[in-house]
1. If I ask for residues that are in contact (Cβ under 8 Å) with a residue 60 or more places away in the chain, within 23 Å of L328 (Cβ to Cβ) and surrounded by fewer than 23 Cβ atoms within 10 Å (Cβ to Cβ), which ones from segment 419-443 would you list?
2. Out of the residues in segment 184-201 meeting the condition of being more than 20 Å from the chain's Cα centre (by Cα) and hydrophobic (A, V, I, L, M, F, W, C), tell me which one is nearest to P8 (Cα to Cα).
3. Of E493, E498, E484, which residue is within 20 Å of Q664 (Cβ to Cβ) and acidic (D, E)?
4. Can you tell me which condition G613 does not meet? The list is (1) surrounded by fewer than 22 Cβ atoms within 10 Å (Cβ to Cβ); (2) at pLDDT below 95, and all the others hold.
5. Listed residues E199, E128; which is within 22 Å of A77 (Cβ to Cβ), part of a helix (DSSP H, G or I) and either free of Cβ contacts under 8 Å to residues at least 40 places away in the same chain or in the same structural domain as A299 (by TED's automatic domain parsing) (or both)?
6. Out of the residues in segment 582-600 meeting the condition of being among the acidic types (D, E) and part of a strand (DSSP E or B), tell me which one is nearest to R624 (Cα to Cα).
7. Within segment 167-189, can one find any residue that is outside the structural domain of P230 (by TED's automatic domain parsing) and either on the phi > 0 side of the Ramachandran plot or assigned to a strand (DSSP E or B) (or both)?
8. Can you tell me which residue is modelled with the highest pLDDT among those in segment 185-200 that are among the aliphatic types (A, V, I, L, M) and within 15 Å of S304 (Cα to Cα)?
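The values are calculated or read from the model by the stated rules, or taken from the named source; none is laboratory data. Since this is a predicted model, take the numbers as computed values, not measurements. Note that each Cβ is placed from the backbone with ideal geometry, even for glycine, and that neighbours are counted across all protein chains shown.
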Amino acid sequence: MSDPVQRPPLARLLSPRTVAVAGASAELHSVGNNILMNLERFGFAGGVYPVSRRGGEIGGRACAASIDELPHGIDAAVLAVPAHAVRESLEACARRGIGGAVVFASGFAEQDEAGRKAQEEFAAAAAELGLAVIGPNCIGFINYAGKAALTFEPVDPPPVMAGPGICVIAQSGAMSGNIRYALQGRGVCVSHSISTGNEAVVAAEDCADLLIGDPAVRAFALFVEQIRDPQKFLNMAARARAAQKPIVLLHSGRCARAREAAKTHTGALAGDYEVMRCFTEREGVILAEGLDELFDVCALLARSAQPIKGGVAVVSNSGALRGLGLDLCEDIGLAIPDFSPQTAEALKALLPSFATVDNPLDVTAAAMTNPSLFGDSLRAVMDDPAIGFTLVSAMGGGPAQQMSKWKALAPALEACEKPAALCYLGDDYPLDAAFLKEARASGVPFFRSPERALRAVGRIAAWSKASAAPRAAAQEPVSVPRVEFRKSGAIAEWRGKEILARCGIAVPRGRLVTNAVEARIVAGEISYPVALKAQADTLAHKSDAGGVVLGIANEEDLDFAGLRIAASVSAAAPDITLDGMLVESMAPEGGLEMIVGARRDPQWGPVLLIGLGGIWAEALRDVRLLPADASPAEILRGLGLLKGAPLLRGMRGAKPRDAEALAQLAVKIGALMIANPEIIEIDVNPVHVYAQGEGALALDAVIVTA
C-alpha cells in the first residue's frame, strides 16, 4: 500500500499506485465495469480494489461491501455513486486514508442553487479532510504515462509513449476527449487527459501546476469556461514559463451569450475575456482562438516546445502560394525575412535558371521529375541563420508522388534542429496510407491547410517573441495618494481632477466656482479663452445635458454661458443640485485624443485600458487592456499594438507624439487603482497627447467608487 505521507493528495490521485472503484459492477458497459476494463486494457500494474454492496468478486477480484472495508492507504478512489451518496463516500475515503477521489455524478452546481449548495458542502468537507477531488460532473482522467485510466469512457492505450507529450486538461468531459482524439489522430503523443468538471475542489490550474515537473509532459492544452482562481493560475503559468513548458489555452466566453451558457454547463461564473487575456498573455500563455488553432499549435509544440528564433520560410512547388502566403503572413504579423546572400547563392545553384529565389520559395514544377530538389532546397533554407521555422507546403499529387516527395523531404525534416512542418495541399484529397503512417511516425507536424499551419506558427512566434523579451523588473512603487471617499458612486469631474493632480497628472488650470463673480476672478487668473462645465456627482454626461461651453472669450460671454448652462441642466435633469461650475483654461490645440481608463475586475483585480480617445473610443473600440501594475515599457508595447499606433508615431508629416508621457500617465492611473481599493472605475477621456517632449493633458476625469 502507498505511504500517504510521501506524496501530496493530488499527486497520489493523478499518479495512483493503487485504485479503489466504488460502484464496481460486472455488468458490461456499466460505469463501474468500464473503469475496471480500462485499467485492465492499460495494464495498470498497481492494486485494484472493487467496492460493491453485493460483495462477491468481479474479474477474479474480491469486492469490498463498502469503502470502510478497504485496506488503509489506497491512493485513488473512483466514485461511481449517485449525487446524494457523494459526501458520505468522501468521508469514508478520508477514514481509510485514501489520497483523492474522482466524482462522476452530476446534479450539482451546473443544475440549480440546491445543487450548488450541496457541492459547496461536500467541497468544504473534502478540504477539511485533506482529500483531492476531481469533479463532480466529469468523466475522470487518463494518465497514459502511468497506465491509469480512471474514466468511464471506454479507452485504449496508445501504441507506445514516444517521449514527452501534450497534457490535455478540460473542464468539459466531451472536450477533453475531443482534444485528445484530435491530437492522437495526428500522431501527437498525449501524456494525460483530465476532465475537471465543476472543479469543486481541484481546478485545472491545480492539475497543471502539479504536472509541470512531470517529465512525461512537454506542453499543456487547456480548455476552460472559467479560471476559478486567477492568481493561482498566473502563478502556475509563471512556473510553466520558467520550465519552458508552454500552455495553450482555449477559453470560451468571449461574448455575453457564451458566458451565460457557461453558467449552465459547469456552474461557471465567467469573467471578462479580454481582462483574462491581458493577464494570461503576460505570463506567456498562448491563447487559441478556436479548436482548430488549439489542435494546430499543440501539434507544432509536440515536436518542439522551444521558442522560434528567427523568421519563417515557406517552401513550395506552387508559385501562386507565394502571394497567398505573403498576404496571410502580413495579416497575422508573421515575419518572412529575405534569404541571406549565401542561401540565395546555394538555391540558385540547385534550382532551374527560371526559378525566382525568394521567400516564400517556389522550387518550380521541376520537382515533379526531380523530387530531390525539395530536400536539397529545404536543407539550404533551414541553414539560413535568419530562418527559425520552415513550412513545406506542396502539391502532394497521387500516392506515388506523395511518397516520393516524402522520401526526399523526410531526412531533412527529421534531422533539422529547427522546428518545421509539412503540408500537402488538396484538402480532403486521399492520402497514401503508407506515406501517412511514415509521416505520423516521424513526429513531423503534418497539415492539409497552409493557412492553418501559418496561423499556428504565428501564435508560437508571438509567444516566442514575448518569451525572449526580458521580464520587466519590479518597478519602484509610484507615489500616489490614499484618498478618502465620502460615498459610493461617481464623483464630479472637479473632484476627480483634484485627485489626478495630486498623482502628478497634468490637468488644465482652473477650479470650481459657485457664482458669476468667482467665475470672472478665476477666468482672469488663468486667462481667456476658458471652458465652463457644470459639476455634480450625478451628472456623468455633462455635454448631453448642455452642461459644457468651450472657447469663452470674455467676461460677458462667461456670464451668458453660466446662465445658459444652468437653464439647460435644470431642464434636462431637474433633480440634480450642482456643486457649482468648473472654470478651466482651454487645452492647447494639436493634441491627439487618447483614452486612459481602469476598472476593478471582480476576479482578476485592477486592469488598465489604453486606446484612441474622444468619440473614437466608442466608435472604433481601438483599445488594449493591461494589468494595472504594467510598467512604462509594457504600456508602450501595448500602445504600439493599437490600430491607431501610426497616429502616435506621426503620419503625413506630423511630429511623433509624446507616447512616453502617455505611458507615465497610465502608470499613475494604475497605481491609483492599486492604492485605493474603493475605486472601481476611472475614465480619463480625452487625454490630449502633444508632440514628443510636450507631454499629455487629462481633459476630463470620471472616478467611480464603491
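1. L425 - this is the single residue of segment 419-443 that is in contact (Cβ under 8 Å) with a residue 60 or more places away in the chain, within 23 Å of L328 (Cβ to Cβ) and surrounded by fewer than 23 Cβ atoms within 10 Å (Cβ to Cβ).
2. V201
3. One residue alone meets the criteria, E498.
4. The single condition G613 does not satisfy is (1).
5. E128
6. E593
7. Going through segment 167-189, the residues outside the structural domain of P230 (by TED's automatic domain parsing) turn out to be none.
The answer is no, given that none of the residues of segment 167-189 is outside the structural domain of P230 (by TED's automatic domain parsing) and either on the phi > 0 side of the Ramachandran plot or assigned to a strand (DSSP E or B) (or both).
8. Among those that are among the aliphatic types (A, V, I, L, M) and within 15 Å of S304 (Cα to Cα), it is V190.
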